[in-house]
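Notes for the one structure printed next.
The values are calculated or read from the model by the stated rules, or taken from the named source; none is laboratory data. Note that the coordinates shown come from a computational prediction; the quantities given were computed from them, not determined experimentally. Cβ: placed from backbone, ideal geometry, glycine included. Neighbour counts: every protein chain shown.
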Amino acid sequence: MALRQGFYIGALGLALTSLWPLSACAITPSFPPAEESSQGENGESGDRQGTYLAQASKTSIFMADQESGKIDGQVSQGQLTAILKHTKVTQDGYESWTPTVTVQWQGQTVAVVEGTEAMFPTALIQIAPMDAVNPQPAVIFATYTGGAHCCNEVKIITSQAQGQDWSVVDLGLFNGGPHEAADLDGDGWYEYAEIDNRFLYRFSSYAGSAAPAQILALQNGEVMDVSFEPRFQFIHRENAQSMEKELPEIMGQDWEKNGFLAAYVANKALIGELDDGWQTMLKYYDRESDWGLTTCLEYDDQSNCLNEVKYDSYPDALRAFLVETGYIEADFRADNSTF
């Protein structure tokens, strides 16, 4: 399956690769011109990845491919090398694979990071410049945990500016499978494009959910959500245009409109068109659905709810959710709203 130039938001969620489920609501913004990325092992380009979102001179990628038998490999850039190895365990007739990346700087091992055990080898390693204050590139290590729609676990192995004191930064767990970082805005530094996973299941089932794009970056060694920065407006605007095209079909359904509308309003907020998005939501939302009207704001260490809130309507619940997630201000009021 080839990695496509673009990403997708839809009724089955958003995917950066065609390994993930897509729906009728596919959103595919264009990115800066892509070139074929370099691969680590034997200089091969790799059958599975196809066209990359990255400049070949800036990044090196290797992804395990069980079909071809290429499950172990390495990538190098300058004095930095990342080596991917898989360990197979067979128990009671079932196979499992545990990926491990070994990072070497100037020929010395500086980090050994073990990924999550999975039913098949699907790990990805990449070397790319991630942090504008650090001239040294970082290693991206993405592994697949398995499970329903889940999960892409991403870790970044990075150093101080002098190439010393290497550490592991957890980027997070995301819907779908492993994919690479990309220089989305063409400034020479790489970001990790995802969806905001908080939207999945929030107001609809997984099949009825959609989500806005979430852009994560490494700044001073820390993970930052840069989705709201103006330089990524082109992504949100192209998503908004695609969602507008899908709106009539989705709103013509008799079920699970509210998951799509939550993402629609959030995406409109990202491009400064919140009022318009809110009025559209008020026109079309499913008034019979109670999905997402009850939520828990606080849990104890045993996952028991300590603070449950029940909202009177979907607009009330959506407003609270978008305030909580930072898409709208707490003082937002819309004309002709339910407030």
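Data overview
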read-out: Some residue of the range 209-216 being touching a Phe, Trp or Tyr at 6+ places or on another chain (Cβ under 9 Å), within 26 Å of Cys151 (Cα to Cα) and of a type in the set (Ser, Thr, Tyr); value: yes
read-out: Complete set of residues in the range 273-294 that are within 14 Å of Ser204 (Cβ to Cβ) and either out of contact with any helix residue (DSSP H, G or I) (no Cβ under 6 Å at 6 or more places or on another chain) or β-branched (Val, Ile, Thr) (or both); value: Glu288, Asp290, Trp291
read-out: Qualifying positions in the range 205-227 - polar (S, T, N, Q) and modelled with pLDDT of 95 or more; value: Gln214, Ser227
read-out: Condition met for Leu218 (touching a residue at least 12 places away in the same chain (Cβ under 8 Å) and over 30 Å from Ala132 (Cα atoms)); value: no
read-out: Selection status of Ala217, in contact with a helix residue (DSSP H, G or I) (Cβ under 9 Å, 6 or more places away or on another chain) and among the aliphatic types (A, V, I, L, M); value: no
read-out: Gly115 being of a type outside the set (Phe, Trp, Tyr) and on the phi > 0 side of the Ramachandran plot; value: no
read-out: Residue selected from the range 218-235 under the condition polar (S, T, N, Q) and part of a loop (DSSP other than H, G, I, E, B), by the criterion nearest to Arg287 (Cα to Cα); value: Ser227
read-out: Any hit, the range 255-273, residues being buried (at least 20 other Cβ atoms within 10 Å of the Cβ) and in a loop (DSSP other than H, G, I, E, B); value: yes
read-out: Qualifying positions in the range 296-339 - of a type in the set (Phe, Trp, Tyr), more than 15 Å from Leu261 (Cα to Cα) and either in a loop (DSSP other than H, G, I, E, B) or modelled with pLDDT of 95 or more (or both); value: Tyr311, Phe332, Phe339
read-out: Among residues of the range 274-289, those that are in a loop (DSSP other than H, G, I, E, B) and surrounded by 14 or more Cβ atoms within 10 Å (Cβ to Cβ), counted; value: 3
read-out: Only one of Ser289, Ser303 that is more than 29 Å from Ile215 (Cβ to Cβ), touching a residue at least 12 places away in the same chain (Cβ under 8 Å) and of a type in the set (Gly, Ala, Ser); value: Ser289
read-out: Test result for Val309, within 30 Å of Ala132 (Cβ to Cβ), in contact (Cβ under 8 Å) with a residue 12 or more places away in the chain and not hydroxyl-bearing (Ser, Thr, Tyr); value: no
read-out: Filter result for Glu153 (acidic (Asp, Glu) and crowded, with 24+ Cβ neighbours inside 10 Å); value: no
read-out: Every residue from the range 95-122 that is touching a residue at least 60 places away in the same chain (Cβ under 8 Å) and touching a Leu at 6+ places or on another chain (Cβ under 7 Å); value: Trp105
read-out: Segments classed as strands (runs of 3 or more DSSP E), wholly inside the range 117-217, with at least 2 members that are over 25 Å from Glu246 (Cα atoms); value: 124-128, 138-144, 150-158, 167-175
read-out: Glu238 vs. criteria surrounded by 13 or more Cβ atoms within 10 Å (Cβ to Cβ), assigned to a loop (DSSP other than H, G, I, E, B), touching a residue at least 12 places away in the same chain (Cβ under 8 Å) and not hydroxyl-bearing (Ser, Thr, Tyr); value: no
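Residues checked against (1) crowded, with 16+ Cβ neighbours inside 10 Å; (2) within 23 Å of Asp72 (Cα to Cα); (3) touching a Ser or Thr at 6+ places or on another chain (Cβ under 7 Å):
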position	(1), (2), (3)
Gln136	yes, no, yes
Phe141	yes, yes, no
Gln160	no, no, no
Leu184	yes, no, no
Arg198	no, no, yes
